[in-house]
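**Student:** One structure is given below, represented as structure tokens, and several questions about it will come after.
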Amino acid sequence: QVQLVESGGGSVQPGGSLTLSCTASGSLANIVALGWFRQAPGNERELVAQSTRGGSTKYADSVKGRFTISRYNAGGNTVNLQMNDLKPDDTAVYYCNARVALRMGGAMDYWGEGALVTVSS
């Protein structure tokens, strides 16, 4: 079991910045990736950024060059998402995600409760 707690959401004007933080607890040893997804009203949940235990990162095309995810190190328990030059389209609930490798193969996703980010003038 993995528990995830997010912090750092809020309201900001277009062009502003916010930093989201996620702290994981529980069975950390089998976490293979930590990342952020978001869901806007009427839309499906989508990947924003992910950092893997192997040191790689990936981003949604819509946030490349504006968002930066911190590197996740094996045994660590935090991941941050620095969001710059925010746009109204970035308004969504942001969810921290932990992908955990299962002993029998495959993986399971754990989710935080979500942090609301609102970008509006």
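The values are calculated or read from the model by the stated rules, or taken from the named source; none is laboratory data. Keep in mind the model is a prediction, meaning the values are calculated, not measured. Here Cβ is always computed from backbone atoms with ideal geometry, including for glycine, and neighbour counts include all displayed protein chains. SASA here: full protein model, heavy atoms, side chains in, ligands and nucleic acids out. Shrake-Rupley method; radii C 1.70, N 1.55, O 1.52, S 1.80 Å.
**Student:** Would you confirm, using the coordinates I've provided, whether Thr68 is open to solvent by 40 Å² or more (accessible area, probe 1.4 Å), closer than 17 Å to Val117 by Cβ and in contact with a Phe, Trp or Tyr (Cβ under 9 Å, 6 or more places away or on another chain)? Quick ask: steps written out before the conclusion?
**Tutor:** On the way: open to solvent by 40 Å² or more (accessible area, probe 1.4 Å): yes; closer than 17 Å to Val117 by Cβ: yes; in contact with a Phe, Trp or Tyr (Cβ under 9 Å, 6 or more places away or on another chain): yes.
When the stated conditions are applied, Thr68 passes them.
Residues are listed down the side, and each one gets a yes or a no for (1) part of a strand (DSSP E or B); (2) touching a Cys at 6+ places or on another chain (Cβ under 8 Å):
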{"site": "Asn80", "(1), (2)": "yes, yes"}
{"site": "Cys96", "(1), (2)": "yes, yes"}
{"site": "Arg99", "(1), (2)": "yes, no"}
{"site": "Ser121", "(1), (2)": "no, no"}
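**Student:** Out of contact with any His (no Cβ under 9 Å at 6 or more places or on another chain), touching a residue at least 24 places away in the same chain (Cβ under 8 Å), within 30 Å of Gly105 (Cα to Cα) and of a type in the set (A, V, I, L, M, F, W, C): which single residue out of Leu47, Leu34, Leu18 fits that description? I'd like the intermediate steps shown before the answer.
**Tutor:** Numbers: Leu47 fails: touching a residue at least 24 places away in the same chain (Cβ under 8 Å); Leu18 fails: within 30 Å of Gly105 (Cα to Cα).
Criteria check complete, one pass: Leu34.
**Student:** If you don't mind, another one. Tell me which residues, restricted to the stretch 88-121, are of a type in the set (A, V, I, L, M) and open to solvent by 30 Å² or more (accessible area, probe 1.4 Å). First the steps, then the outcome.
**Tutor:** We begin by selecting, within the stretch 88-121, every residue of a type in the set (A, V, I, L, M); these are 92-93, 98, 100-102, 104, 107-108, 115-117, 119.
Those that are of a type in the set (A, V, I, L, M) and open to solvent by 30 Å² or more (accessible area, probe 1.4 Å): Val93, Ala101, Leu102, Met104, Ala107, Met108, Leu116.
**Student:** Here's something else I'd like to know. Give the stretch 104-119 a look and list any residue that's in a loop (DSSP other than H, G, I, E, B) and free of Cβ contacts under 8 Å to residues at least 12 places away in the same chain, or say none.
**Tutor:** Taking the stretch 104-119 first, the residues in a loop (DSSP other than H, G, I, E, B) are 104-106, 112-114.
Selection gives Met104, Gly105, Gly106.
**Student:** Just one of (1) in contact (Cβ under 8 Å) with a residue 24 or more places away in the chain; (2) surrounded by fewer than 18 Cβ atoms within 10 Å (Cβ to Cβ) trips up Val63, so point out which.
**Tutor:** (2)
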